[in-house]
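Take a look at the structure below.
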Amino acid sequence: MLSGTYPRDKRLHRQMRDSGFFDALGVKSEIDVAPKVFPLEYIKVQSGTQADGRLAVELRRTLFGPHEEKVPKDKRGSFFRGLTEAMTNVSQHAYPEDWDVGAIKVIKKGWWMLGHIDKLRKKLKIMIVDQGVGIPRSLPRTHRDILPSLLAALKLENNDGAMIHAAMEVGRSRMGQTHRGKGLNDLKQIIDLCQAGTLRILSKKGEYVYRVRNGLAISDVKGHTVSLNGTLVEWTIPLDAISPLLALDEGGTEEK
């Protein structure tokens, strides 16, 4: 069961309502005011326990609107593949049967997705969060045999930030499925495709940031003193970097 109080600030209350926060928890909003029109379009809170490709398709259609057909078919498929991979990773690795949740009570063994399209700042932001065991704990369970050599190759110490970085570099899947061979590396696809933006992952006490700016890709890791008790994956992409995709036809040439 959940208990809590509504925010006193009506603006925050309205924002939580319009973003779908109350709907996701099955809680009725206390204010009955029509949504205001802001230069910000919410990607309303969604949740699930398995990978849901339909959400990726809906998100792509929300972003591209009537121009979706202008995007080459191969790019349509890869644009939000990382989103599906994040869901898949939660369903297969985040909640192992022998995991001790400790003091944090898990609401539901699944993921939550939310985000927004900020037309004023011209940015798209998408986030997926879970309350699972965390990448730094799941990686040693799934790739124990190659982990030491991988950390050595990356010249990283054995900490939570390094574990996230190592998980991004793993080139094979424990599941033995060829279509999942890249694993978490798929999370970078949308950033690489747009050649701009930032992928940020917080898991346990680690943080991993991958960004592409002016065609240059940079990775960085950090450590924190407080644990997230789960994993947060966040993509931030300039809308200007997405727009050029709409100027391509099926043959990959610019439209006249």
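Would you mind checking the range 198-213 for residues with the amide N under 15 Å from a putative spin-label position 7 Å along Cα→C-beta of residue 192?
Taking a point 7 Å out along Cα→Cβ of residue 192, the residues of the range 198-213 whose backbone N falls under 15 Å are 198-199, 210-213.
Can you tell me how much longer the chain between residue 239 and residue 219 gets when fully stretched, taken as 0.36 nm per residue apart minus their C-alpha distance, in nm with one decimal?
Gain on stretching residue 239 to residue 219: 5.0 nm.
At a Förster radius of 35 Å, what calculated FRET efficiency corresponds to the Cβ-Cβ distance of residue 169 and residue 31, to the nearest 0.05?
0.15
How many nm separate the modelled label positions at residue 40 and residue 98, each set 7 Å beyond the Cα in the direction of the Cβ?
4.5
Within the set 44/119; 122/204; 75/188, which residue pairs have Cα atoms separated by over 20 Å?
122/204
If we sort 116-129, 210-223, 157-170, 81-94 on the protection proxy, mean other Cβ atoms within 10 Å, highest first, what's the order?
81-94, 157-170, 116-129, 210-223
Taken together, the values in this text are just the output of simple stated rules run on the coordinates, not laboratory data. Keep in mind that this is a model prediction, so the values were computed, not measured. Cβ sites come from the backbone with ideal geometry, for glycine too, and all protein chains shown count toward neighbours.
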